[in-house]
Amino acid sequence: MRKIAQYLLLALVAVSAFSYAQSGFNPFSGSSQNGGRDDDSSYSKSQAGRDMSDDQKSKADSNYLDRMLSSGGANGVIVEFAAVNDDADLDTKKARHRAVKDSVKAQFASGDYQELLDYDALPMTYVQVNSRRALVKLLSQSNVVGVYENTAGQHEGTESLTVIGQPTAAAAGYTGAGTMVVVLDTGVTYTNAAFGSCTSPGVPAATCKVAVAFDVAPTDNSLDDSGHGTNVSGIVAAVAPSAKLAVLDVFTPGTGAYATDVVTGINWAIKNQALYNIKSINISINWTTNYAASCTASWATAPFASARAAGIIPVVSAGNLGWTNGIAEPACAPGAVSVGATYSANFGSLTWAASSDMLGCKDSTTAADKVVCFSDSASLMTMFAPGAIITAAGLSYGGTSQAAPHVAASIAVLRAAGAAPTDTLAQTIARLTSTGVSIKDSRNGLTKPRLSLSAAVTSIKSPTAATKTALSTAK
């Protein structure tokens, strides 16, 4: 399942008049019917397939492209445009993105191409193309890098603080003061005492930890209709007690989190990074395709690259389908810190119920640092963190969803003033992984670091030889 994509820059596609004279058809000629809208009745799926090169077809997932060409008519698609990847300021990048988007839009009649949602800090737009011909024309544009399906992902289903050494780090003054973590989830009940009993986001200023909270997805008329986002946010607040949170509800009730809404959340974080000193984004959301290698063609690749260019590290739950040779999207996307789940303590024998986004499985025995049977795991996964069973904000959950916010909050702690704010993003990740406790997953024999915040903050002043090497080689 795909959803979005990548970068570059410039113009129009030159179409060979000769080749289309041979076929007697120019797919970019438009139509005088329907106020300029192209008519699918005169343009078949097979003709559309012949009119695209292999490179143009490769801009969309093959199954998704086949479905769009079969159905014809209107399709809402996430489009990634060419972009320059440099150190320009945000306003400059936004202007560049807009110019490229406008250059592509200008090639279409108004009835063929409609912008539904723009991500102004990203080289992306959610658009509707209204015919096969318009879709072919879109894929032919040299400034279009990828076209992605807007599908919905699902959320992934205290002793943990002691396991990661958070009390030790906090006692030494490492609490994330002056930073913010963005949580993309189901919302947050910010009136909960765990967040300072806010009466509204940011109020009272002295105690409220949730500085920002709003719905990106259609409103469900609830601060948090499931409790999942409240639990995830509660984990962040417990690990980084002096950090602020921005919690964006990206879940459509009864459906899940659409990629368009997740990208909107990332776009917001990039635009507001300087205002709030945002250090990480937690995304405890997964789709259900297994990736054994980095999914470079993911819808998340470009947003994650843009977030990191703005100084923000995306942290993503690895997934709960029990894969031992792969992880889910968007955890597999380049730029993501992907996190699997371990137990935080001995809970005896536990059985996890099966669902569309969780493997039904049983751990006859449990113990701190044992990998949970539902956790995805693979060589490309970054690390483990406690994910079962985690009680935060008065709610108890188990999942890689709960593992990820331990890491997202730890990044805020490490990148706060007085810690290691001058580390590059790669060095922050290297500091976390090089100081983690080695955990071997008995299911696949792979060893990955489990988050140790106390060791990570200790390494700021007293790095081990391994951490020195990791920091010097981090890229």
Would the stretch 378-397 turn up any residue that is farther than 28 Å from Ile429 by Cβ and in a loop (DSSP other than H, G, I, E, B)?
-> yes
Residue in the stretch 232-261 that is surrounded by the most Cβ atoms within 10 Å (Cβ to Cβ), counting only those that are part of a strand (DSSP E or B) and among the hydroxyl-bearing types (Ser, Thr, Tyr) | Tyr258
With respect to Pro303, determine if the residue is in the same structural domain as Ile164 (by TED's automatic domain parsing), under 19 Å from Thr125 (Cα atoms) and touching a Leu at 6+ places or on another chain (Cβ under 8 Å).
-> yes
Considering only the stretch 66-84, state which residues are in contact with a Ser or Thr (Cβ under 9 Å, 6 or more places away or on another chain) and either in a loop (DSSP other than H, G, I, E, B) or surrounded by fewer than 21 Cβ atoms within 10 Å (Cβ to Cβ) (or both).
-> Gly72, Gly73, Ala74, Gly76, Ala82, Ala83
Number of the condition not met by Thr351 [criteria: (1) surrounded by fewer than 17 Cβ atoms within 10 Å (Cβ to Cβ); (2) part of a loop (DSSP other than H, G, I, E, B)] = (2)
All positions within the stretch 156-208 that are of a type in the set (Val, Ile, Thr), in a helix (DSSP H, G or I) and in contact with a helix residue (DSSP H, G or I) (Cβ under 8 Å, 6 or more places away or on another chain) = Ile164, Thr168
Can you find a residue in the stretch 145-168 that is within 24 Å of the chain's Cα centre (by Cα), buried (at least 21 other Cβ atoms within 10 Å of the Cβ), of a type in the set (D, E, K, R) and closer than 21 Å to Trp268 by Cβ?
-> no
Determine whether Ala466 is surrounded by fewer than 23 Cβ atoms within 10 Å (Cβ to Cβ), of a type in the set (A, V, I, L, M, F, W, C) and at pLDDT 95 or above.
-> yes
If only one of Ser379, Ser410, Ser401, Ser375 is under 20 Å from the mean Cα position of the chain (by Cα), among the polar types (S, T, N, Q) and either closer than 26 Å to Gly173 by Cβ or not assigned by TED's automatic domain parsing to the domain that holds Thr179 (or both), which one is it?
-> Ser410
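The values are calculated or read from the model by the stated rules, or taken from the named source; none is laboratory data. Keep in mind that what you see is a predicted model, and the values were worked out from it rather than measured. No Cβ is skipped: glycine too gets one built from the backbone with ideal geometry, and neighbour counts run over all protein chains shown.
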